[in-house]
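Nothing in this text is a laboratory measurement; each read-out follows from the coordinates by a stated rule. Bear in mind that the values here come from a model prediction, so they are computed numbers and not experimental data. Don't worry about glycine lacking a Cβ; one is built from the backbone with ideal geometry, like all the others, and counts go over all protein chains shown.
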Amino acid sequence: MVLLIELLVLSVPVALLLRDAYKTAKRFDFVLDPSELTRQKEDAYLDAAEREFAENSDVAAFIYGHTHLPSVRRLGERAVINTGTWIKQFEPVKVRFGILPRIYVPSFFLSSFRIAEEHDSVVIEYRRIEKLPGQELTWLQRLLARRGNRAQSEDVPQHTVLS
């Protein structure tokens, strides 16, 4: 009973300390969630694309890259193209037994975008080019990793037509 009371007494200052640490991290704009950092970067690129489209009416596509996952986003009759990256990515894969930590499996692919004019329209064609990674996982990691459980990246349309 004494131990339980001590834990309860200690939990209050620890909870206050954690709450203050979290608030301080937010105030100084430390990113605690990696997806939030990705969203902030994408928002900055989309804002830049909108400014470019507003200033130049003859621009049909805004292209940027090196942000891990490729994408094509439509802004009206224009497109914002993210070429992704050409370096090795590590995708988290759940293991067969839930108590073990995730295994990070390397993957490689390149993105190819072809932009052309066809029948008075701008056509964007996407192609994912797979690269075979070397054998970087140990035999135990290969044994424990669940097959087909990799994180799914955003589907990029293979064919986008801008009028």
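What is the gain in length, in nm to one decimal, between residue 115 and residue 75 on full extension, counting 0.36 nm per residue of separation less the C-alpha to C-alpha distance? Present the calculation step by step, with values, prior to reporting the outcome.
On the way: separation 40, 0.36 × 40 = 14.40 nm, distance 1.62 nm.
Extra length available between residue 115 and residue 75 comes to 12.8 nm.
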Which net charge results for the neighbourhood of residue 46, defined as the other residues with beta-carbon distances under 11 angstrom from its beta-carbon, given Lys and Arg at +1 and Asp and Glu at -1?
-1
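In the neighborhood of residue 78, defined by Cβ-to-Cβ distances under 11 Å, what is the net charge if each Lys or Arg adds +1 and each Asp or Glu adds -1? Before the final figure, lay out each step's value.
Numbers: positive: 73, 74; negative: 50, 52, 58, 77.
Here the count lands on -2.
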Charges only on Cβ, +1 for Lys and Arg, -1 for Asp and Glu: so what's the dipole of the chain about the Cα centre, in debye to the nearest 20?
1100 debye
Which lysines have a Cα less than 30 Å from the Cα of residue 88, not counting those fewer than 8 places away in the same chain?
41, 131
Can you tell me the orientation of helix 34-55 relative to the chain, as the angle in degrees between its alpha-carbon axis and the longest Cα principal axis, to the nearest 10?
30 degrees
The chain - percent relative contact order, Cα under 8 Å, separation 6 or more
16 percent
Among 44, 162, 110, flag the residue with its Cα farthest along the positive direction of the charge dipole of segment 31-162, charges on Cβ as +1 for Lys/Arg and -1 for Asp/Glu.
110
Environment charge at residue 59 (Cβ cut-off 13 Å; Lys +1, Arg +1, Asp -1, Glu -1):
-3
Of the listed peptides 81-93, 116-128, what is their order by residue-averaged count of other C-beta atoms within 10 Å, with the highest listed first?
81-93, 116-128
Karplus-derived HN-Hα couplings along segment 71-80 (A = 6.51, B = -1.76, C = 1.60, θ = phi - 60°), whole Hz, x at Gly and Pro
7, 10, 10, 8, 10, x, 9, 10, 10, 10
Specify the residue with the greatest mean-square fluctuation among 18, 100, 137, computed from a Gaussian network of the chain linking alpha-carbon atoms under 10 Å apart.
18
Quick one: which of 46-56, 1-11, 66-76 comes out on top by average Cβ neighbours within 10 Å, and what's the full order, highest first?
66-76, 46-56, 1-11
